[in-house]
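In what follows, a structure is listed as structure tokens, so that the remarks can point back to it.
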Amino acid sequence: MSNSDLQLIRYQNGELWIDGVAVSTIAATHGTPCFIYAWRQIEQNWQAYDSAFGSQPHLVCYAVKANSNLTILKQLAALGSGFDIVSGGELIRVLQAGGDPTRIVFSGVGKQADEMRAALEAGIRMFNVESVPELELLNLVAGTTGRKAPIALRINPDVDAGTHPYISTGLRENKFGIPIAQAAKVCERLHELPHIELQGLACHIGSQLTELTPFTEAVRQIAGLADELSGAGHAINQLDLGGGLGIRYDHETPPSRAAYVAALCTAAGPGRTILIEPGRSLVGEAGLLVTRVNYLKEGEGRHFAIVDAAMTELMRPALYNAWQRIEPIAQRPDLTTTTYDVVGPVCETGDFLGKGRALAIRPGDILAIRDTGAYGFTMSSNYNSRPRVPEILVRDHQAMLIRRRETVSELMAAELELAGESD
């Protein structure tokens, strides 16, 4: 499904609406910049994944790093969602939101002992272990708690995801996972680790993939390895096949969620529970970043629309040179269309939100940056001492504040004066 299928974010009489609420009304109430999310889009995206599995044993684990707002996590938990976490902080968030610990998978290459302990004590479903040193530390920590740590080995299948190198995770030069050729040898080490219980294998080859072939190639390798290890006496009951399905930012044509799930199930074969970890494809297209035009500036052969949002709110363009649609929330056919670089006020040349955009705008107009529900707020920062912006959730045709705007005083609250230097 996409926004166009559900028509949750669309123009009505020249004005942009999000699930029955005018974006202009939200901006007037909460100010700009701000993030706005359509809950119904997220819900239907999750249900599309879940229903596509049919009778296949499975668990859809939302990748919390995409958007970790507590209200969104709480709503997903109520749907029965699992959660893929990559830090102790995300564990606390999911538990605070009422997430079922037995539906939590802990991924990531740098888990620390205190994070492992907290996850063990919470009773999570599984750790996706990415190296032998991590395996050894987890065994030690589990021993101190009197528990066995349930694990899947995250395998690096050396598959080219064909995506941006910063979000490719399944090649041999990437930091993630255990090389597939070493998996059997690592499994032999488990005999020396009494507090580890192997339950499955995991893989995740990257993000924003728009073709099925890399997925199926990786899954066939993982399934083949699972059969090999099972034949050697290791119980491989679960396959965590990661996430990474892309969305349409521009002209991409990603497969449907149903086609993606069908391809995974076919490649994995029968007999094991399948876990997936969608993030961007659950929340990405449900979000808007709303920003006001402060100035229109004419440079040497280039026009700039200087807005009040910046790389501090949306890092993806500066980090990946990512393209995201930018459009005025009120269409103005009376204005001349001009090509602008849409830039923010942060003191970096890399502070741009979009380049070469044809827009009919004037100072004071409000723009919507589309498909910002994923990796918008969670990657935001306080660079230049900029407070983080509000988040608003539209549900049942009502706009509800789910995170208020920070203040500069809050940014400074944790900073300490040197002894004897206070007034």
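Every number in this text was worked out from the coordinates using simple rules, so none of it is lab data. This structure is a prediction, so every number in the text was calculated from the model and none was measured. All Cβ positions, even for glycine, are placed from backbone atoms using ideal geometry, and neighbour counts span all protein chains on display.
Comparing ARG257, ARG325, ARG316 in a Gaussian network model of the chain (Cα springs below 10 Å), the most mobile by mean-square fluctuation is ARG325. Our estimate of slack between ARG189 and GLU348, defined as 0.36 nm per intervening residue step minus the Cα-Cα distance, is 52.3 nm.
Ordering of 379-389, 305-315 by packing is 305-315, 379-389, highest average first (other Cβ atoms within 10 Å, averaged per residue). Considering only GLU348, GLU115, GLU391, the mean-square fluctuation computed in a Gaussian network model of the chain, springs between alpha carbons under 10 angstrom, is largest for GLU348. To make sure I understand the rule: partners must be lysines, Cα under 17 Å from the Cα of LYS297, and not fewer than 8 residues away in the same chain. Which ones qualify? By straight Cα distance, LYS297 reaches LYS355. Listing ARG103, ARG10, ARG280 from fewest to most neighbouring C-beta atoms within 10 Å gives ARG10, ARG103, ARG280. Once the Cα atoms are used to define both axes, helix 213-231 deviates from the longest principal axis of the chain by about 20 degrees. When DSSP beta bridges are restricted to pairs lying wholly in the chain, around 50% turn out antiparallel. Amide H contacts of THR338: LEU359, ALA360, ILE361, each under 5 Å away and 5 or more positions distant or on a separate chain (H built 1.01 Å from N in the peptide plane; Pro and chain starts excluded).
Once the Cα atoms are used to define both axes, helix 257-268 deviates from the longest principal axis of the chain by about 20 degrees. Leaving out same-chain residues fewer than 8 places away, which lysines sit with a Cα under 30 Å from that of LYS111? Within reach: LYS65, LYS74, LYS148, LYS175, LYS185.
Phi-derived couplings, Karplus 6.51 cos²θ - 1.76 cosθ + 1.60 at θ = phi - 60°, listed residue by residue for the stretch 13-20: 6, x, 10, 7, 10, 10, 6, x Hz, with x used for Gly and Pro.
Between ARG292 and LYS148, the contour length at 0.36 nm per residue exceeds the alpha carbon distance by 46.5 nm. Between THR337 and GLN398, the FRET efficiency estimated from the beta carbon spacing at R0 = 25 angstrom works out to 0.15. Can you bin the stretch 1-112 into rounded, prolate or oblate? Criterion: square roots of the alpha carbon gyration tensor eigenvalues sorted a ≥ b ≥ c, rounded for a/c under 1.5, prolate for a/b above b/c, oblate for the rest. Oblate is the answer for the stretch 1-112, as a/c is 1.5 or above yet b/c matches or exceeds a/b. Quick check on the stretch 304-415: take the gyration tensor over C-alpha atoms, sort the square-rooted eigenvalues as a ≥ b ≥ c, and tell me if it's rounded (a/c under 1.5), prolate or oblate. The shape class here is oblate. Using a 7 Å offset from Cα along Cα-Cβ at ALA263, what residues in the stretch 280-301 end up with backbone N under 15 Å from the label point? Zone members listed by number: 281. Phi angles across the stretch 392-398 convert, under the Karplus curve 6.51 cos²θ - 1.76 cosθ + 1.60 with θ = phi - 60°, into 3J(HN,Hα) values of 10, 10, 9, 9, 6, 6, 10 Hz, Gly and Pro given as x.
For the chain, the longest principal axis of the alpha carbon atoms and the long axis of helix 132-145 meet at an angle near 80°.
Computed about the Cα centre, the dipole magnitude for the stretch 1-112 is approximately 260 debye when only Lys and Arg (+1) and Asp and Glu (-1) carry charge, each at its Cβ.
Once the C-beta distance of LYS74 and GLU410 is scaled by a Förster radius of 30 Å, the resulting FRET efficiency is 0.85 to the nearest 0.05. By definition, a body whose alpha carbon gyration tensor gives a ≥ b ≥ c is prolate when a/c is 1.5 or more and a/b is larger than b/c, and the stretch 270-354 fits this prolate description.
Entry note, the chain: the mean residue ellipticity at 222 nm calculated from DSSP H runs of n ≥ 4, each adding -39500 (n - 2.57), is -8000 deg cm²/dmol after division by the residues and rounding to the nearest 500.
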